[in-house]
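These notes concern the structure reproduced below.
The values are calculated or read from the model by the stated rules, or taken from the named source; none is laboratory data. Because the structure is predicted, anything quoted here is derived from the model rather than measured. Note that we place each Cβ from the backbone using ideal geometry, even for glycine, and neighbour counts take in every protein chain shown. With ligands, DNA and RNA removed, areas are computed over all heavy atoms of the protein, side chains included. Shrake-Rupley method; radii C 1.70, N 1.55, O 1.52, S 1.80 Å.
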Amino acid sequence: MTAFDDVVLAEVERLVDLARSGRLPFAIYELGPSEGRVELAVSRLDRGAALDFFVEHPLTLPDGTPIPVDVRVLAGSSWISEPVRRAAERPDASALDGLVGMDVNEAALRANAGGWLVRAYEPQAVLTADRRWNRANLEFAESGEVIAVHVS
């Protein structure tokens, strides 16, 4: 492994640490070094934030040479958020009323506040087949708008 590869690997590890600590303004789905560059995959909604981050915080070698970063969109992204209320309580069904048409993040916050575990996903996402009585599924479009809501 060359010194260049060592630096690229160190930058990948630093990004992993930033992601784990919640200090990145975007979620990373895939990350790794590849032939002297850093490659990462993000959701379509996070692409702009990831590109902006690397403009403001470019990765460089100690001598200032830029390390190329490839940001690609991973179609069919999904994510899960935990409810605000204790899981032992029955979720409030009315918290799901009117979520279709809302921004997925706002809809998830509203459902979480009603005690629901939320799974948000794009139509192409691969999902687990498990059934949960307290999970609200929010299907969202490329624009981030909720297009369907169901419980399972």
Got a sec? Which strands (runs of 3 or more DSSP E) wholly within the stretch 66-152 have at least 2 residues that are under 30 Å from R14 (Cα atoms), without any contact (Cβ under 8 Å) to a residue 60 or more places away in the chain and not polar (S, T, N, Q)?
69-73, 78-81, 117-121
Checking E39 against (1) without any contact (Cβ under 8 Å) to a residue 40 or more places away in the chain; (2) assigned to a helix (DSSP H, G or I): exactly one of these is not met. Which one?
(2)
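Per-residue answers, yes or no, for (1) β-branched (V, I, T); (2) open to solvent by less than 80 Å² (accessible area, probe 1.4 Å):
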| site | (1), (2) |
| --- | --- |
| G98 | no, yes |
| D103 | no, yes |
| G115 | no, yes |
| L127 | no, yes |
| R132 | no, no |
| E145 | no, no |
| V151 | yes, yes |
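Condition check ((1) at pLDDT 90 or above; (2) among the aromatic types (F, W, Y); (3) closer than 30 Å to P123 by Cα) across all residues:
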| residue | (1), (2), (3) |
| --- | --- |
| L9 | yes, no, no |
| L18 | yes, no, yes |
| G32 | yes, no, yes |
| R44 | no, no, yes |
| D63 | yes, no, no |
| I67 | yes, no, no |
| D70 | yes, no, yes |
| A75 | no, no, yes |
| S81 | no, no, yes |
In the set R37, R90, which member is at pLDDT below 95 and either buried (at least 16 other Cβ atoms within 10 Å of the Cβ) or farther than 27 Å from E145 by Cα (or both)?
R37
Of the conditions (1) modelled with pLDDT of 90 or more; (2) open to solvent by 60 Å² or more (accessible area, probe 1.4 Å); (3) outside any helix (DSSP H, G or I), F26 satisfies every one except a single condition; which number is it?
(2)
